[in-house]
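The values are calculated or read from the model by the stated rules, or taken from the named source; none is laboratory data. Computed from a prediction, not measured in an experiment: that's the story for all the values here. All Cβ positions, even for glycine, are placed from backbone atoms using ideal geometry, and neighbour counts span all protein chains on display.
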Amino acid sequence: MIVVDDLHRHFGGFRAVDGATLEIAEGSITGLVGPNGAGKSTLFNVIAGVLPPTSGQVTMAGDDITGLAPHELFHRGLLRTFQIAHEFSSMTVRENLMMVPAGQTGESIWSSWTRRAAIRDEERALLRKADEVLEFLTIDHLKDEKAGNLSGGQKKLLELGRTMMVDARIVFLDEVGAGVNRTLLNTIGDAIQRLNRERGYTFCMIEHDMEFIGRLCDPVIVMAEGKVLSQGTIDEIKSDERVIEAYLGTGLKNKAAAGAG
Ligand SMILES: Nc1ncnc2c1ncn2[C@@H]1O[C@H](COP(=O)(O)OP(=O)(O)O)[C@@H](O)[C@H]1O
Ligand SMILES: [Mg+2]
């Protein structure tokens with residue numbers, strides 16, 4: 001579904017992404033791992049249109065999407081989750097979800113009296129959709145809570161929920177499990193798996209927790225120094241000498257043995 005071909009993103013003389021080539025298969029939950037500073041987040045930002053590439057190409061289902069703006073990618077169903085912006089923290093969870101869909105009638109012709117009924121219908125549909133999303137994520141009891149009052153894990157679920165308000169095809173998740181307790185991490189993992197199986201979402205996720213990656217992701221792509229180092233199942237990459245080498249100092253072996261990331 002996504003093909004990244006010889007992608008570069010340099011910052012001055014520094015090559016954060018240095019010729020990355022990879023594919024994300026439709027219907028997969030692809031993991032992206034690698035030591036800190038490997039260029040994972042920069043790669044995501046280039047694919048998602050947040051940063052222009054220095055060179056290289058990204059295609060989606062055969063279309064060249066290199067350098068398209070985030071809103072253009074959004075319309076194609078390519079989404080990257082973002083932390084709930086500060087200005088939305090005083091809005092409720094449900095209101096945060098209802099903000100997501102672009103191009104609502106109400107935005108462009110807000111002043112038009114004749115379209116009032118249409119706007120009301122759209123709002124009702126949005127409300128239904130938001131409630132359906134909250135139920136799917138098992139956080140319907142939080143719908144009237146201010147987003148700013150949610151725990152770290154609940155915020156991650158809300159971020160995931162935002163991708164469900166539109167017809168997403170592929171979702172990029174950058175460390176969705178960071179700082180999230182086990183229980184909520186399982187809820188997030190279950191939601192990702194269900195979205196993948198039941199709604200056909202493709203995922204690409206950066207994650208440090210190898211147990212979480214191992215449970216959800218196939219294949220797993222390993223990045224180091226701006227390039228793709230290895231790709232395979234979690235077991236294959238864990239026993240790949242080059243991967244172990246790249247992680248030396250951060251101790252993948254120890255972490256893998258301890259079952260944590
Ligand atoms: N905007 C930027 N300006 C300069 N250097 C950056 C910028 N963003 C990232 N980098 C550098 O690029 C490298 C890769 O960063 P990043 O993509 O965040 O790695 P990862 O997500 O794998 O930990 C790091 O050394 C980082 O310091
Ligand atoms: Mg990162």
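Would you pick out the residues in region 234-244 that are over 20 Å from the mean Cα position of the chain (by Cα) and either closer than 22 Å to Arg182 by Cα or of a type outside the set (A, V, I, L, M, F, W, C) (or both)? Don't jump to the end; show me each part of the working.
Filtering region 234-244 for residues over 20 Å from the mean Cα position of the chain (by Cα) gives 235-244.
Of everything in region 234-244, those that are over 20 Å from the mean Cα position of the chain (by Cα) and either closer than 22 Å to Arg182 by Cα or of a type outside the set (A, V, I, L, M, F, W, C) (or both) turn out to be Asp235, Glu236, Lys238, Ser239, Asp240, Glu241, Arg242.
The residues in region 221-246 that are under 13 Å from Gly31 (Cβ atoms) and of a type outside the set (Asp, Glu) can be counted, and the count is 12. Collect the residues in region 141-180 that are crowded, with 19+ Cβ neighbours inside 10 Å and within 16 Å of ligand 1 (Cβ to nearest atom), keeping them in residue-number order. Listed by number, the residues that qualify are Phe172, Leu173, Asp174, Val176, Gly177. Scanning region 1-55 for residues that are surrounded by 16 or more Cβ atoms within 10 Å (Cβ to Cβ), touching a helix residue (DSSP H, G or I) at 6+ places or on another chain (Cβ under 8 Å) and on the phi > 0 side of the Ramachandran plot yields Gly34, Gly49. The listed residues are Thr187, Thr183, and the only one of them that is among the β-branched types (Val, Ile, Thr), over 17 Å from the mean Cα position of the chain (by Cα) and surrounded by fewer than 21 Cβ atoms within 10 Å (Cβ to Cβ) turns out to be Thr183.
Restricting the search to region 40-95, which residues are away from ligand 1 (no atom under 15 Å from the Cβ) and β-branched (Val, Ile, Thr)? Residues satisfying the conditions are Val58, Thr59, Ile65, Thr66, Ile84, Thr92, Val93. Look at region 160-174: where a residue is over 14 Å from His75 (Cβ atoms) and a partner is of a type in the set (D, E, K, R), sitting 6+ places away or on another chain with Cβ atoms under 6 Å, you get Phe172/Arg80.
Does Val176 fit the bill of being within 16 Å of ligand 2 (Cβ to nearest atom) and in a loop (DSSP other than H, G, I, E, B)? Write out each step before concluding.
Numbers: within 16 Å of ligand 2 (Cβ to nearest atom): yes; in a loop (DSSP other than H, G, I, E, B): yes.
So Val176 fits the description; yes.
Let's see how each residue does on (1) away from ligand 2 (no atom under 14 Å from the Cβ); (2) hydrophobic (A, V, I, L, M, F, W, C); (3) within 25 Å of Ala125 (Cα to Cα):
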| site | (1), (2), (3) |
| --- | --- |
| Lys40 | no, no, no |
| Val46 | no, yes, no |
| Ser55 | yes, no, no |
| Ala61 | yes, yes, no |
| Asp64 | yes, no, no |
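Ile192 meets the conditions (1) modelled with pLDDT under 95; (2) assigned to a helix (DSSP H, G or I); (3) in contact with a strand residue (DSSP E or B) (Cβ under 7 Å, 6 or more places away or on another chain); (4) among the aliphatic types (A, V, I, L, M) in every case but one. The failed one is (1). Checking each residue in region 19-38 for being more than 16 Å from the chain's Cα centre (by Cα), near ligand 1 (Cβ under 10 Å from one of its atoms) and in contact (Cβ under 8 Å) with a residue 40 or more places away in the chain picks out Gly34, Pro35, Asn36, Ala38. Taking the conditions (1) buried (at least 21 other Cβ atoms within 10 Å of the Cβ); (2) under 14 Å from the mean Cα position of the chain (by Cα); (3) within 16 Å of ligand 1 (Cβ to nearest atom) in turn, Ile221 satisfies each one other than (2). Thr42 meets the conditions (1) at pLDDT 90 or above; (2) within 29 Å of Lys129 (Cβ to Cβ) in every case but one. The failed one is (2).
Residue check: is Phe74 among the aromatic types (Phe, Trp, Tyr) and at pLDDT 95 or above? Answer is no for this residue.
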